[in-house]
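Worksheet: the structure to be examined is printed underneath.
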Amino acid sequence: MTTTRWVIGLGAALTLSGAVHAGATLDAVKSKGFVQCGVSTGLPGFSSADDKGRFTGIDVDMCRAVAAAIFGDAEKVKYNPLTAKERFTALQSGEIDMLPRNTTWTYTRDTSLGLNFTGVNYYDGQGFLVTKNLGVKSALEMDGASFCIQAGTTTELNLADYFRSNKMNYTPITFDTSDQTIKAFEAGRCDALTSDQSQLYALRIKLSDPKSAVVLPEVISKEPLGPVVRQGDDEWFNVVKWSLYAMVNAEELGVTSANVDEMKASSTDPNVRRLLGVEGVKGEWMGLPDDWGYNIIKQVGNYGEAFDRNVGAGSALGIARGLNALWSKGGLQYAPPIR
Amino acid sequence: MAAEHPSQDSTGKVPLWRQPTFRAIVFQVLLVLCLLAFGNFLLSNTLQNMEQRGITTGFGFLDNAAGFGILQSLIPYDETYTYGRTFVVGLLNTLLVAALGIFFATFLGFFIGIARLSHNWLVARLATVYIETFRNIPLLLQIMFWYFAVLRPLPLPRQSLSVGDSVFLNNRGLFLPRPIVEDGFGLVVAALLVAIIGAVLLTRWARRRQEASGQQFPAGLSGFVLIIGLPLLTYWVSGSPLHWDYPVLGGFNFRGGLEVIPELAALVLALSIYTAAFIAEAVRSGIQSVSHGQTEAAYALGLRPRVTLKLVIIPQAMRVIIPQLTSQYLNLTKNSSLATAIGYPDLVNVFAGTTLNQTGQAVEVIAMTMGVYLLISLVISLFMNWYNKRNQLVER
């Protein structure tokens, strides 16, 4: 008898946990009091733990922005470090609420995995890292070379495409984490490490002698990286999407974490006033408080601040804005208006 | 008597529903039905939820082009082959590692196990140290250790260590000449087959003659000479129908020849060394389980020590060793899935790694991978059980 009851109970639990309804994620996040965020296992500039165990990075800032928008407190985030292989399953199964993990937006991932990409927080492209004494100037000189790659990435496919279309041969050596790829590269197992360019800069500073390796100029693919959420929950999709847009809009309007209080009190620009929730638009349309935009800018900063602090001029990586500059400055970062 | 029992009617027959056998069968059928219903519920619930969330299901993905490269493949493979093919490539790589590992672990294990029982103090202590060290360090660490220990000290391809310009060793692997067969090599293979059949027949004849007359014939030695000698002779007579494809340094690495990648070397090394420690203990326990009286009785009958070992001790020890050996073979095969830590393209790395991630079909891919490991393990288990049965004590 108890067995039967147990079976029925287990069955009911499975059925309930399987049910999805719009808004379920936001409600669940509000009731548990934090955002469960899937990040990488350690990629400086994107998501990595510092010496105090605090996660930082441009991807981590996406989690913090969403937490700030919902709770008014950017610290209400718990992080799950995930390998490239684990990330989609973790999101599909509901283990995490959002996945900002330098993940490339592709047709297959957007349409067949039950996932949605909410936008692009970093425009990237695949490149090559080689040791200086190899004397290679271009990827086209690398016929027959071997490459260290991280498993389960678009990198594996791009590399195959690139060598096939240029009629060259290559040897792939595939590892689970980016840490293992850089260790194998340093041990001389491969001639080159290939990954998104931003990662190459990030991994290079992990070498014992970063100056011994150079990033080749070629970019062989488009890698738009962005936060991912589960398909079928439009309310949560909106929250994550507009958290990013708020940061980009803030940069465009010149609102920073330093001047946001002053702007909120005295700005007469209606665009700024709408962004900061002073007039016009309501946060409740997304199920959030009206000052969600203010909280993001106050606690996390605008897109430009996040970029500089984590990967740009103000960081160890020192990556130029390039494609990630605002559209008004020759880049691709463009957000729909908040109105 | 019958009337005293309330459940029995006047004819003395027990009603069907009170018969123990009938009830046992009914309960077992009910249990199986419940299990099936539960399994079916789990499956349909999973499928329904995946459908609701827009996750593609089914095995159709196996026919799609894979589009990624694999480090080592025993069968022709490139990016244009299907995901189904990546499954076979990964499976063969797993089987290769398991087979090599089992082979080396068995040899090393028997050697160390016997060494531990040696009367030589130093040899016995060295074997003890070996066993206690390697079976007490986690296998994953050993794999990492051997990978980097193998990789780090080796030179780059352009400074390769070489033996007579035909064998090269560098941190990309070991490069050996690959034999290329020409017309007429079939004769050599045929000669080998003939020699093997001849050796088997010779052994049988020798045994029958010994049983009949007591006269011995060195069947083992002459069989060995036959198996080696006849193909060599044929090879020489038919004008050496074999040439070698030597590895040549070109661009970044050697091309041609036979390549042993360092991932394979490290993995086989770690798996064999680790499992050999356990096999050595199994061998020791087997030999110690044969009482000393057996040896003394054999000596009393006038058998020489080697014959005693071969005919008295080992056959009895094997009965204890084989079941433990089976477990170790199964462990080794399953442990080979740790390959993914050093990038050896086994089933877990290729299929449950890259393929899973490129297709996103976790349920199907993991189910197939688990099914394969179960199947491999069951085959090994069946074979070892059959072998065990043959070696068991036949009681008369």
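Only the coordinates and a few stated rules stand behind these numbers; no lab work does. Keep in mind it's a predicted model, so treat the numbers as computed, not measured. When we count neighbours, we look across all protein chains shown, and the Cβ atoms used for this are built from the backbone with ideal geometry, even at glycine.
Residue farthest toward the positive end of the dipole of chain B, with Cβ of Lys/Arg at +1 and Asp/Glu at -1: which of B:90, B:22, B:55?
Ranked along the dipole, the leading option is B:22.
Find the centroid of the Cα atoms in the stretch B:174-217 and in the stretch B:300-362, then give the distance between the two in whole Å.
Measuring centre to centre over Cα atoms gives 27 Å.
Which cross-chain or sequence-distant (5 or more) residues have an amide H under 5 Å from the amide H of residue A:37, H modelled 1.01 Å from N in plane?
Here the answer is A:78, A:79, A:80, A:97, since their amide H atoms fall under 5 Å of that of residue A:37.
Work out the length of the dipole vector of the protein assembly as shown about its Cα centre, built from +1 on the beta-carbon of each Lys and Arg and -1 on the beta-carbon of each Asp and Glu, and round it to the nearest 20 debye.
2760
Cysteines of the protein assembly as shown lacking any other cysteine beta carbon under 4.7 Å?
B:34
Could you work out the local net charge near residue A:280, counting Lys and Arg as +1, Asp and Glu as -1, over the other residues with Cβ closer than 11 Å to its Cβ?
+2
So if I take the alpha carbon set of chain B, get Rg, then get Rh from the Kirkwood formula, what is the Rg over Rh ratio?
1.08
Just want the ordering: B:183, A:143, from fewest to most Cβ atoms lying within 10 Å of their own Cβ.
Lowest to highest Cβ neighbour count: B:183, A:143.
In what order do B:244, A:242 fall by count of nearby beta-carbon atoms within 10 Å, going from fewest to most?
Taking fewest neighbouring Cβ atoms as first place, the list is B:244, A:242.
Taking only the C-alpha atoms, wrap a convex hull around chain A and report its volume per residue in Å³ as a whole number.
Spelled out: Cα convex hull of chain A, divided by residues, is 161 Å³.
To the nearest 0.05, how large is the calculated FRET efficiency for residue A:161 and residue B:370 if R₀ is 35 Å and r is the Cβ-Cβ distance?
Result of the calculation: an efficiency of 0.65.
How much of the calculated P(r) for the stretch A:126-221 lies past 19 Å, in percent of all Cα pairs?
Counting every Cα pair in the stretch A:126-221, those more than 19 Å apart make up 30 percent.
I'd like the mean, over residues of B:362-372, of how many other protein chain beta carbons sit within 10 Å of each residue's own Cβ.
Partner Cβ neighbours, averaged per residue: 1.
Identify, among A:294, A:144, A:58, the residue whose Cα sits farthest towards the positive end of the charge dipole of chain A, taking +1 on the Cβ of Lys and Arg and -1 on the Cβ of Asp and Glu, with the dipole about the Cα centre.
After comparing all options, I get A:144.
What FRET efficiency comes out for the pair residue A:54/residue B:334, r = Cβ-Cβ distance, R0 = 45 Å, nearest 0.05?
Efficiency at R0 = 45 Å is approximately 0.70.
If you average 1/r across every pair of different Cα atoms in the stretch A:188-233 and take the reciprocal, what Kirkwood value do you get, in Å?
13.1
Local charge sum around residue B:150 (other residues, Cβ-Cβ under 11 Å, Lys/Arg +1, Asp/Glu -1)?
Taking every other residue near residue B:150 into account, the sum is +1.
Per-residue HN-Hα couplings for the stretch A:162-169, Karplus 6.51 cos²θ - 1.76 cosθ + 1.60 at θ = phi - 60°, whole Hz, x for Gly and Pro?
Ordered by residue, 3J(HN,Hα) equals 4, 6, 5, 6, 9, 6, 10, 9 Hz.
As a footprinting exposure proxy, order A:95, B:259 by other Cβ within 10 Å, with the fewest listed first.
By the 10 Å Cβ count, ascending, the order reads A:95, B:259.
Residues of A:170-183, mean number of Cβ from any other protein chain within 10 Å of their own Cβ, rounded to a whole number?
Rounded to a whole number, the mean comes out at 5.
Alpha carbons only, please: Rg and Dmax for the protein assembly as shown, in angstrom.
Here Rg and the maximum Cα pair distance are 33.5, 117 Å.
What is the spin-label model distance, in nm, from residue B:40 to residue A:214 if the labels are put 7 Å beyond Cα along the C-beta direction?
About 6.8 nm, to one decimal.
Can you give the calculated 222 nm mean residue ellipticity of the protein assembly as shown, where each DSSP H run of n ≥ 4 adds -39,500 (n - 2.57) and the sum is split over every residue, rounded to the nearest 500 deg cm²/dmol?
Computed ellipticity for the protein assembly as shown at 222 nm equals -16500 deg cm²/dmol.
What is the distance in Å between the Cα centres of the stretch A:74-101 and the stretch B:39-59?
22
How much length would be gained if the chain were fully extended between residue B:178 and residue B:288, taking 0.36 nm per residue of separation minus their Cα-Cα distance, in nm to one decimal?
Extra length from residue B:178 to residue B:288 when fully extended: 35.1 nm.
Against the longest alpha carbon principal axis of chain A, how many degrees, from 0 to 90 and to the nearest 10, is the axis of helix A:2-18 turned?
Taking Cα atoms only, the helix is inclined about 80 degrees.
Just the number, please: Stokes-Einstein D of the stretch A:232-339 in µm²/s, Kirkwood Rh from C-alpha pairs, 20 °C, 1.002 mPa s.
150
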